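Below is one structure, written out as structure tokens; the observations come after it.
Nothing in this text is a laboratory measurement; each read-out follows from the coordinates by a stated rule. Predicted, not measured: the structure shown is a model, and the values here were computed from it. Virtual Cβ from ideal backbone geometry, glycine too; neighbours counted across all protein chains shown.
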Amino acid sequence: ESKSDGRGKLKIFQPAMLHARQMRNQLVGELKEAIAGSQLVLHYQPIIKLDSREIEGVEALVRWNHPTRGLIMPDEFIPIAEETGMISDLGAWVLRTAVEQLKQWRSDPLTARHNFSMRINVSAADLQRLEFVEDVREALSAAGLDPSLLVLELTESAVIQGNDLDRYTLNSLQRLGVGLEIDDFGTGYSSISYLRQLPVDTVKVDRTLLSALGSDPSQPALLAAVLQLIRACGLKAVWEGVETAEQAEYLLGIGCTSGQGYYFSRPLGAAQLTEQLKHHKVWPIS
Ligand code: C2E
Ligand code: MG
Ligand code: MG
Ligand code: MG
């Protein structure tokens, strides 16, 4: 259906747009319930030592187990949580749940690994909350865990566009002793000067840098240069998006020590990862 808006232009009714907005409004309401109830779930993706192929830790990745729509991935609801302010409640839940799970894995001799660490993704909005550092400190001390066993992943945009409060939060977190990592490195922001200034210790290189390996002749030299740059800044590198044995070999060859990706393992539910930790020492599991 269409009608004139009176200025000679046609205003076209777009059912698709209206539908999208209704869907979103419905999701906003449901997400609130999901956070308060128990519809969120964490999956854990192994980070692998590229030389020994042992697991060195996991990254917690949130999913929404929706009662009628099934498993919803974070790209569909994290932005909504950020826009509506629900992200701090969501983040608090992720922090508590991940730290509690880390405690369980570390305290069971069948699943415990030396220095086994937990990574969680932190939203830019978390750095704006004065209580965030206290939340992290409390979660760790309640679980009796050394702060160095928790690594907070922050996106480039969150840390680069950061204001004084962000910087204050980052410095406080560093003093607390948790690991700080820049996530999705190399996805569009200038990178060199801030790498040296920020209180971070690890850089996770975005998978898009790896995906052209093999097809683009200049890519190997570029990957090696990126790794050198990170090293020259005194930081440790983790490569994400490792999907093939060749990529894993290549990264090891240029001196990268840690990798993460579907080649080693997809993100797994807690029970599934527990089983793998009990029965397997090297990854990928055959
Ligand atoms: P991220 O932190 O960069 O996480 C890596 C994403 O890449 C995950 O998608 C993971 O499943 C996927 N991935 C891992 N290995 C491979 C691979 O080999 N190939 C490909 N193609 N993909 C791979 P996921 O779980 O859908 O998460 C998407 C993003 O959502 C995350 O990107 C992160 O930015 C955000 N996110 C996830 N969980 C949380 C959370 O608890 N809090 C916040 N604030 N953000 C989260
Ligand atoms: Mg991440
Ligand atoms: Mg990433
Ligand atoms: Mg990403």
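General observations
- In a DSSP loop and with at most 11 other Cβ atoms within 10 Å, the chymotrypsin sites (Phe, Trp or Tyr not before Pro) in the stretch 11-77 are 13.
- Taking label positions 7 Å along the Cα-Cβ direction at both residue 19 and residue 231, the computed distance is 5.3 nm, reported to one decimal.
- Test item: Cα-centred dipole of the chain, Lys/Arg +1 and Asp/Glu -1 on Cβ, debye: 280
- Leading residue at positive end of dipole, the stretch 45-153 (Cβ point charges), from 141, 92, 111: 111
- Contour minus Cα-Cα distance for residue 71 and residue 245 (0.36 nm per residue): 59.7 nm
- For 75, 51, 206, order by how many other beta-carbon atoms lie within 10 Å, fewest first: 75, 51, 206
- Based on C-alpha pairs under 8 angstrom that are at least 6 apart in sequence, the chain has a relative contact order of 19 percent.
- Which of 218, 265 has the fewest Cβ neighbours within 10 Å, and the rest in rising order: 218, 265
- Calculated FRET efficiency for the pair residue 49/residue 224, C-beta based, R₀ 22 Å, to 0.05: 0.65
- The stretch 1-156: relative contact order as a whole-number percent, Cα under 8 Å and 6+ apart: 18
- Fewest-first sequence of 119, 106, 175, 231 by Cβ atoms within 10 Å of each Cβ: 175, 231, 106, 119
- Dividing the summed -39500 (n - 2.57) terms of all DSSP H runs of n ≥ 4 by the residue count of the chain sets its mean residue ellipticity at 222 nm at -14000 deg cm²/dmol.
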